[in-house]
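Read-outs throughout are calculated quantities, based only on the coordinates presented, and are distinct from any laboratory measurement. Quantities reported herein were computed from a predicted structural model and do not represent experimental measurements. Positions of Cβ are generated from backbone atoms using ideal geometry, with glycine treated the same way; all protein chains shown enter the neighbour counts.
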Ligand SMILES: C[S@@+](CC[C@H](N)C(=O)[O-])C[C@H]1O[C@@H](n2cnc3c(N)ncnc32)[C@H](O)[C@@H]1O
């Protein structure tokens with residue numbers, strides 16, 4: 001029956017019906033994979049939130065479930081109000097890490113790279129809960145000239161990224177206003193200038209760092225001066241995990257030996273970031289480990 005009808009359909013109509021069927025099939029497959037991605041994203045999100053809401057996280061600081069709920073609301077709200085290059089879930093993850101630092105460990109949190117202060121506002125809310133200061137170090141006039149003229153390899157994303165001097169500029173006044181409006185300005189201290197000068201004499205105990213500075217040279221300049229201030233076991237998060245040219249820094253044995261007289265610490269999340277969204281994230285971390293026996297659990301792998 002269908003075949004006999006098909007005989008009477010003019011050729012051009014048949015052709016467009018065929019094209020339409022093809023397009024519909026592609027749309028069906030795309031929709032299916034979009035739905036799967038969404039479901040997977042939701043599972044990951046719930047997993048990260050579940051960890052954050054674990055009653056043991058923040059217990060030492062007396063952080064309640066209600067406080068955590070209010071914080072998550074702010075983590076979601078602030079990026080809609082202040083331009084930021086990060087995802088709200090990154091902060092849920094980092095807050096989990098910060099709330100888990102022992103109260104006995106004295107020291108502050110440092111953020112290198114604040115742009116308009118969106119990330120700073122969120123970090124300041126986290127710092128307030130644990131009674132630590134947030135040190136915000138930035139030029140407040142954007143990034144300096146990039147030495148990497150060939151472009152940055154984002155291999156996992158098939159992207160070649162370029163930066164220009166002055167990008168991500170935010171004035172101190174703008175940053176302070178945004179933190180004042182959405183965060184806790186009282187816990188913030190500011191270090192103004194390019195890191196090669198501004199952090200040279202930096203001396204303050206630190207327990208956590210968030211570096212979002214885009215360039216390899218900026219990473220070198222900031223790490224060189226803050227490293228000795230970080231306590232043993234500290235987490236150093238960065239927002240440049242997909243940038244292979246920047247990530248290489250954490251594995252550059254020559255640089256680490258010459259500048260900090262230690263082995264390169266490596267980087268967790270190199271090339272594709274921590275599993276915070278299904279395809280990639282720009283968040284990754286390293287740790288300052290002086291006494292591995294004290295920080296890590298000992299594990300003897302099977303032998304044969
Ligand atoms: C991508 S933005 C930070 C984004 C911010 N964390 C957010 O999520 O909204 C990079 C920041 O790093 C700062 N920066 C980069 N290199 C620097 C350097 N060598 N000295 C001082 N500031 C620097 C820039 O001024 C800019 O504010």
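Estimated from helices alone, the mean residue ellipticity of the chain at 222 nm is -13500 deg cm²/dmol (sum of -39500 (n - 2.57) over DSSP H runs with n ≥ 4, per residue). Take each peptide in 85-94, 222-231, 147-156, count the other Cβ atoms within 10 Å of every residue, and average; sorted highest first, the result is 85-94, 222-231, 147-156. With neighbours defined as other Cβ atoms within 10 Å of a residue's Cβ, the residues 132, 287 order from fewest to most as 287, 132. Write down Rg/Rh for the stretch 133-287, rounded to two decimals, with Rg from the C-alpha atoms and Rh from the Kirkwood relation over Cα pairs. Over the Cα atoms of the stretch 133-287, Rg/Rh equals 0.95. This ranking places 30, 84 by how few other beta-carbon atoms lie within 10 Å of each, fewest first, which gives 30, 84.
Report, in degrees rounded to the nearest 10, the 0 to 90 angle that the Cα long axis of helix 65-81 makes with the longest principal axis of the chain. Value to nearest ten degrees: 70.
With the cut-off at 17 Å, report for the stretch 167-224 the share of all Cα pairs above it, as a whole percent. When every Cα pair of the stretch 167-224 is considered, 50 percent fall beyond 17 Å. Using a cutoff of 8 angstrom between alpha carbon atoms and counting only pairs six or more residues apart, the relative contact order for the chain works out to 15 percent. When the chain is treated as a Gaussian network with alpha carbon springs shorter than 10 Å, the biggest mean-square fluctuation among 100, 25, 46 belongs to 25.
Here the stretch 1-52 was treated as a single set of alpha-carbon atoms; its pair distances binned every 10 Å from 0 give 21, 24, 19, 15, 11, 8, 2 percent.
Solvent-free Debye calculation, one equal scatterer per alpha-carbon of the stretch 36-194: log10 I(q)/I(0) at 0.10, 0.14, 0.18, 0.19 Å⁻¹ equals -0.43, -0.80, -1.14, -1.20. Along its first, second and third principal axes, ordered by size, the chain spans 86, 61, 48 Å in Cα coordinates.
Helix 88-99 and the long axis of the chain differ in direction by around 30°, with both axes built from C-alpha atoms.
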